[in-house]
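Since the structure comes first, as structure tokens, the remarks are kept for the end.
The values are calculated or read from the model by the stated rules, or taken from the named source; none is laboratory data. Since the model is a prediction, treat every value here as computed from it, not as a measurement. Please note: Cβ atoms are built from the backbone with ideal geometry, for glycine as well, and neighbour counts cover all protein chains shown. Just the protein is used for accessible areas: all its heavy atoms, side chains included, with ligands, DNA and RNA removed. Shrake-Rupley method; radii C 1.70, N 1.55, O 1.52, S 1.80 Å.
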Amino acid sequence: MRHVISALCVLVLFSYACAYDPLDPTGNITIKWDVMSWTADGYVATVTVYNFQMYRHIIQPGWTLGWAWAKKEVIWSVVGSQTTEQGDCSKFKGNIPHCCKKTPTVVDLLPGVPYNQQFSNCCKGGVVAAWGQDPSQAISSFQLSVGQAGTSNKTVKLPKNFTLLAPGPGYTCGPAKIVPSTIFLTPDKRRKTQALMTWNVTCTYSQFLARKNPSCCVSLSSFYNDTITPCPSCACGCQNKKNCVKSDSKILSMVGVHTPKKDNEPMLQCTHHMCPIRVHWHVKQNYKDYWRVKIAITNFNYKMNYSLWALAIQHPNLNNVTQVFSFDYKPLVPYESINDTGMFFGMKYFNDLLMEAGPTGNVQSEVLLQKNMETFTFKQGWAFPHKVYFNGDECMLPPPDTYPFLPNSAPPSLLAFPAFIFSLLFFLAVW
């Protein structure tokens, strides 16, 4: 019995550890329910999805939110979203509810829906930006009218068993908790109103739950070594090796080959690493007081492009970034005493869309960093990143012993050349 209890404790601790992101320790998705008014048999609520994650956004085909009703509630109507199934509403006559299921599933509406079906911050196909990238676009909301429910703070029963797909698995949602009512400002900002009742649901992400293999990898190179350290072999698993496509395949010229599938199943280019995304870090140049790095992101998935992509990197010299040339950059400081993490993302309307695999399926930039002479070195792989995340998922780095190493001395030809020039000048001066 003691062994069983110990095993359960380890399992619980492991589950929490997997959902903890050391580079974004407070990141989560919070779902807020605000009861705005009572009706004859229930209430009208505004449901808002806040993505408080700094560098993990919700990509196409968007979020899917589910829950279980505590009693026999139904959804009379929805504005700004829709349920995927109506369920059995045969017992109703006259007005038919929008959804009668005990466990409704809600999705966002697509852009371009009629104005009378829209709600504030809705209708983006479920795509939600990361908070660190664009807080104004990190919100999605809808309004629903709930019937056969409580009609007061004391009789309302909170929904339970919340689930969130964003768009795939990986999120675990806690129970709904009543919180202080949300305060609203009128348009003229001269009067405050408040919700009649508010509860929150917090969902956290675990890469371990989302997928068994990484979704990206990192390769390395430098100016001081001809060796290019590639991504590790089968870094993202080789289960798709049989179905991969060579870059010169005739399949790629077929109409509709780049159209994504509903399940987002990839069509990967054949590579030794079999990753949809590769991040390459190249130590490009060394100056007296600065050094320069080139970052390139390559897409190997022929069926998917990445809008609003984000790259998070941990490196000790990111505390002194002088200039980023063609990406937007924002430092991430989850711990005030440590400034070694930054987020790179595309410039709006320029390179914020990473196209599908092919000639245009890459984005790149250069970063100029100022040296701290007390810590700066090219030795022992110091110039390479400690952690790399693409769209919130950690990428696989090569083993440290394969990093491009700093030569102990210059090649003999390079050493002899300055001596030859010096001897020649000395000879000319004497002559």
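Listed values, structure above:
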quantity	calculated
Residue pairs meeting the criteria (Cβ under 8 Å; at least 6 apart or on separate chains; first modelled with pLDDT under 95, in region 142-171; second open to solvent by 40 Å² or more (accessible area, probe 1.4 Å) and part of a strand (DSSP E or B))	THR151/TRP38; SER152/TRP38
The lone exception for VAL283 - which of (1) modelled with pLDDT of 95 or more; (2) over 19 Å from ASP352 (Cα atoms); (3) out of contact with any Phe, Trp or Tyr (no Cβ under 8 Å at 6 or more places or on another chain) it fails	(3)
Which listed residue, of SER136, SER145, SER141, is outside any loop (DSSP other than H, G, I, E, B), open to solvent by 50 Å² or more (accessible area, probe 1.4 Å), among the small types (Gly, Ala, Ser) and out of contact with any Pro (no Cβ under 7 Å at 6 or more places or on another chain)	SER136
Close pairs from region 45-62: first open to solvent by 10 Å² or more (accessible area, probe 1.4 Å), partner charged (D, E, K, R) and assigned to a strand (DSSP E or B), Cβ under 6 Å, at least 6 apart	THR46/ASP34; THR48/LYS32
Count of residues meeting criterion [free of Cβ contacts under 8 Å to residues at least 24 places away in the same chain, open to solvent by less than 80 Å² (accessible area, probe 1.4 Å) and either outside any loop (DSSP other than H, G, I, E, B) or in contact with a helix residue (DSSP H, G or I) (Cβ under 7 Å, 6 or more places away or on another chain) (or both)] in region 180-212	2
Residue that is polar (S, T, N, Q) and buried (at least 16 other Cβ atoms within 10 Å of the Cβ), where the choices are THR360, THR322, THR298	THR298
Strands (runs of 3 or more DSSP E) wholly inside region 28-100 containing at least 3 residues that are within 24 Å of SER120 (Cβ to Cβ) and hydroxyl-bearing (Ser, Thr, Tyr)	43-51
Subset of region 383-412 [among the aromatic types (Phe, Trp, Tyr) and within 26 Å of the chain's Cα centre (by Cα)]	PHE384, TYR389, PHE390
ASP41 within 25 Å of ALA195 (Cα to Cα), charged (D, E, K, R) and either open to solvent by less than 30 Å² (accessible area, probe 1.4 Å) or in contact with a Cys (Cβ under 9 Å, 6 or more places away or on another chain) (or both)	no
Only listed residue being open to solvent by 30 Å² or more (accessible area, probe 1.4 Å), among the aliphatic types (A, V, I, L, M) and closer than 23 Å to GLN60 by Cα, chosen from MET347, MET343	MET347
Neighbours by Cβ (under 9 Å, 6+ apart or cross-chain): first from region 353-381, touching a residue at least 40 places away in the same chain (Cβ under 8 Å); second in a helix (DSSP H, G or I) and open to solvent by 40 Å² or more (accessible area, probe 1.4 Å)	LEU369/ASN320; GLN370/ASN320; LYS371/ASN320; ASN372/PRO316; ASN372/ASN319; ASN372/ASN320; THR375/PRO316
Count of residues meeting criterion [of a type in the set (D, E, K, R) and surrounded by fewer than 16 Cβ atoms within 10 Å (Cβ to Cβ)] in region 385-403	1
Options CYS89, CYS123: the member that is open to solvent by less than 50 Å² (accessible area, probe 1.4 Å), free of Cβ contacts under 8 Å to residues at least 60 places away in the same chain and within 30 Å of LEU332 (Cα to Cα)	CYS123
Flag if ILE228 is open to solvent by 90 Å² or more (accessible area, probe 1.4 Å), within 30 Å of VAL283 (Cβ to Cβ) and either hydroxyl-bearing (Ser, Thr, Tyr) or in contact with a strand residue (DSSP E or B) (Cβ under 6 Å, 6 or more places away or on another chain) (or both)	yes
Scope region 363-384; condition within 24 Å of THR271 (Cβ to Cβ), crowded, with 20+ Cβ neighbours inside 10 Å and in contact with a strand residue (DSSP E or B) (Cβ under 6 Å, 6 or more places away or on another chain); matching residues	VAL363, SER365, PHE384
Among (1) within 15 Å of VAL44 (Cα to Cα); (2) free of Cβ contacts under 8 Å to residues at least 60 places away in the same chain - the single one TRP76 does not satisfy	(2)
Residue under evaluation THR202, criteria (1) out of contact with any Phe, Trp or Tyr (no Cβ under 8 Å at 6 or more places or on another chain); (2) more than 14 Å from THR30 (Cα to Cα), criterion not met	(2)
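Per-residue answers, yes or no, for (1) among the hydrophobic types (A, V, I, L, M, F, W, C); (2) under 25 Å from LYS124 (Cβ atoms); (3) within 19 Å of the chain's Cα centre (by Cα):
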position: THR322; (1), (2), (3): no, no, no
position: ASN339; (1), (2), (3): no, no, no
position: GLY346; (1), (2), (3): no, yes, yes
position: TYR349; (1), (2), (3): no, yes, no
position: LEU368; (1), (2), (3): yes, no, no
position: LYS379; (1), (2), (3): no, no, no
